[in-house]
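First up is the structure itself, then whatever we jot down about it.
What follows draws every value from the coordinates through simple rules; no lab data is involved. Keep in mind it's a predicted model, so treat the numbers as computed, not measured. Using ideal geometry, Cβ is built from the backbone for each residue, glycine included, and neighbour counts are taken over all protein chains shown.
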Amino acid sequence: MSEAQYETGHSSSETNVSLEKIHPNPNQPRVHFDEKELQELADSIREHGVLQPLLVRKDGDGYQIIAGERRYQASKIAEIKEVPVIVKDVDETEVLALALIENLQRSDLNPIEEARGYRQLIDASGMTQEALSKAVSKSRSAITNALRLLDLPESVQTMLFEGKLTAGHARAILAVPYEDARIKLAEKVVKDGLSVRATEHLAPLFSVTEEPKRTKVITPQSYKRAARILRQALNTNVRVKNTRGKNKIEIEFKDEEELASILERMVGDQE
């Protein structure tokens, strides 16, 4: 769906507005703007002006940006006093949709911004993933894969947001079922500069859980004393211990003759 598809049923008009009366949308999906790119755009605006109007809606005495925050930020750097805008009468859900669509069309969002934008739109509108895929002209699987990135630990999402990991890396890391292991794999990928293929090969190794350490059972002194008395009485090695919650006495013997000797010491001659 493009911005034009929202025209029907909503009034709109184009005009010039003082930059001071315009403010960003706090729910704008894109939160990271490359400073170098902004400066280049500001230089262009300083020379040629803002060629494409910002899309805004009335908000009190001013205007809230629906789409075009990058042009807004660059215009501030260029110290432009007025910018062209198209004023549209749209509700909050449509504001989110239009902002998300514009950024997707321009490929301006990093994977985490895109995923958070989808989640925000779903939560705000109650639309299904199927409806969202039609609204933003993305496949259902693309929406699902993007939303899965939000299952990553916060620290890994930050690496993805900062561009230290790609979406391909993230999908490979998601194959690891445990949070701690996901973090360790992500840290290794960033530290060693691993490719997506190398990450995919490593993921199964990080999926193996460590065998839980067994708690050492302290043998009571009474057990040790009983074992010592039995060793002396039976003239063989004896252990008194707890195994899996059960107390046991183990008596060693090397053959039938020694077993018979032990039995005689314990119960006497039964014949």
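Modelled this way, with points 7 Å down the Cα-to-C-beta line, the labels at E179 and K76 are 3.5 nm from one another. With each label modelled as a point 7 angstrom along the Cα→C-beta vector, the H201-E94 pair spans 5.3 nm.
Counting beta carbons within 10 Å around each of Y118, Y72 and listing the fewest first gives the order Y72, Y118. By the Cα gyration tensor, segment 29-87 has an equivalent ellipsoid whose semi-axes, rounded to whole angstrom, run 19, 14, 9 from largest to smallest.
Given contacts defined as C-alpha pairs under 8 Å and at least six residues apart, what's the relative contact order of segment 221-260, whole-number percent? In percent, rounded to a whole number, it is 28.
Set the Cα radius of gyration of segment 221-260 against 2.2 N^0.38 Å, with N its number of residues, and you get 1.24. All Cα-Cα separations within segment 152-206 were binned at 5 Å from zero, giving a P(r) of 4, 25, 40, 24, 6, 0, each value a whole percent of the pairs. Here's the picture: charge each Lys and Arg Cβ at +1 and each Asp and Glu Cβ at -1 in segment 152-206, and of F161, P177, A203 the one pushed furthest to the positive end of that dipole is A203. With a simple spin-label model that places each label point 7 Å from the Cα along the Cα-to-Cβ direction, the separation between S261 and K224 comes to 2.8 nm.
Computed from the C-beta positions of D151 and D192 and an R0 of 30 Å, the FRET efficiency is 0.80 to the nearest 0.05. Over all orientations, segment 136-257 has a Cα convex hull whose mean projected area works out to 14.6 square nanometres. Extension gain for the segment Q232 to S44, taken as residue separation times 0.36 nm less the Cα-Cα distance, is 57.9 nm to one decimal. Could you tell me whether segment 132-172 comes out rounded, prolate or oblate from its Cα gyration tensor? Rule is a ≥ b ≥ c as square roots of the eigenvalues, rounded for a/c under 1.5, then prolate if a/b exceeds b/c, otherwise oblate. Prolate shape, in that a/c is at least 1.5 and a/b is the bigger ratio.
Let a ≥ b ≥ c be the square roots of the eigenvalues of the Cα gyration tensor of segment 72-195; is it rounded (a/c under 1.5), or, if not, prolate (a/b larger than b/c) or oblate? Oblate.
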